[in-house]
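A.B. asks: I have a structure here, written as structure tokens, and I will follow up with some questions on it.
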Amino acid sequence: MPTLTEIGQRHAAFYLSVLRTAHRLHQQGGVNINRGLAIFDLERANIEAAQQWAAANAATNRGAAVLCCEFPDAGALVLELRQTPMERIRWLEAGLAAAKRLEHAYYTGAHLGNLGLAHLATGDARKAIAYHQEHLAIAQQIGNRRSAGNALGNLGMAFAALGKMPEAIAHYEQALAIHREIGN
């Protein structure tokens, strides 16, 4: 007979896959955008319960930490449309803590960048800058040029939100150079 932990982990893994399906459909565009959103809307309570279980158990259970780390990224497009910035921040903070526990540099950087975007959406450009700078440092450390370009572009947006146009332009120019270099 499975333990409560095993049941919780299976539940979380299943609803993570449901969230991924909703995200993939949304990415396909056209009528699939609405299909993906409909799946999320139908299963939202279960998806949220699964993420909450993973977040609550991430500090003591490696499997839960992996799931918690993946939830914010697995449905990024759908979650951006359906969650408030504060809900996104909660998920991303939990994912970031799990990524750091797992020493997973890619997810650490991704969650930092998305936290910056979520904080920018709340109007907190200064906090956004701090997150984007951390994201940039990790992207440079692991040699992920695309991620570094994204971090620089996001820094440009945050500086622009503060009205600091020279800094914004400098970051946009650096981002553009990287994206041209990698053919993006």
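A.B. asks: Could you give me D for segment 138-177, from Stokes-Einstein at 4 °C and 1.567 mPa s, where the hydrodynamic radius is the Kirkwood radius over C-alpha pairs? Units µm² s⁻¹, please.
C.D. replies: This corresponds to a translational diffusion coefficient of 131 µm²/s.
A.B. asks: Determine the per residue accessible area of segment 1-127 with all protein chains present and a 1.4 angstrom probe, expressed in square angstrom.
C.D. replies: Here the per-residue accessible area is 51 Å².
A.B. asks: For segment 2-66, what % of the accessible area comes from carbon and sulfur atoms, probe 1.4 Å?
C.D. replies: Exposed carbon and sulfur together represent 56 percent of the surface.
A.B. asks: HN-Hα J couplings of segment 85-99 from phi, Karplus 6.51/-1.76/1.60, θ = phi - 60°, integer Hz, Gly and Pro as x?
C.D. replies: Using θ = phi - 60°, the values come out as x, 5, 5, 4, 4, 4, 5, 5, 5, 5, x, 5, 4, 5, 4 Hz.
A.B. asks: Another question, then. Order the peptides 90-96, 35-41 from the highest to the lowest mean number of other Cβ atoms within 10 Å of their residues.
C.D. replies: 90-96, 35-41
A.B. asks: Taking Cα atoms, how many degrees apart are the long axis of helix 31-57 and the longest axis of the chain, rounded to 10 and kept between 0 and 90?
C.D. replies: The answer is roughly 80 degrees.
A.B. asks: Now for a different question. So how long is each side of segment 2-48 along the principal axes, counting just the alpha-carbon atoms, biggest first, in Å?
C.D. replies: 42, 16, 11
A.B. asks: Turning to a different aspect of this structure: Relative contact order, percent, of the chain when contacts are C-alpha pairs under 8 Å separated by at least 6 residues?
C.D. replies: 14
A.B. asks: Additional query: Rg to Rh ratio, segment 41-184, alpha-carbon atoms and Kirkwood radius?
C.D. replies: 1.01
A.B. asks: Right, next: At 1.4 Å probe size, with the rest of the protein present, what percent of the exposed accessible area of segment 76-177 is carbon and sulfur atoms?
C.D. replies: 55
A.B. asks: Right, next: With every protein chain present, what accessible area does Lys127 have (1.4 Å probe, heavy atoms only), rounded to the nearest 10 Å²?
C.D. replies: 90
The values are calculated or read from the model by the stated rules, or taken from the named source; none is laboratory data. Remember, it's a predicted structure, so these values are computed and weren't measured experimentally. All Cβ positions, even for glycine, are placed from backbone atoms using ideal geometry, and neighbour counts span all protein chains on display. Accessible surface is based on the protein model in full, side chains and every heavy atom, while ligands, DNA and RNA are left aside. Shrake-Rupley method; radii C 1.70, N 1.55, O 1.52, S 1.80 Å.
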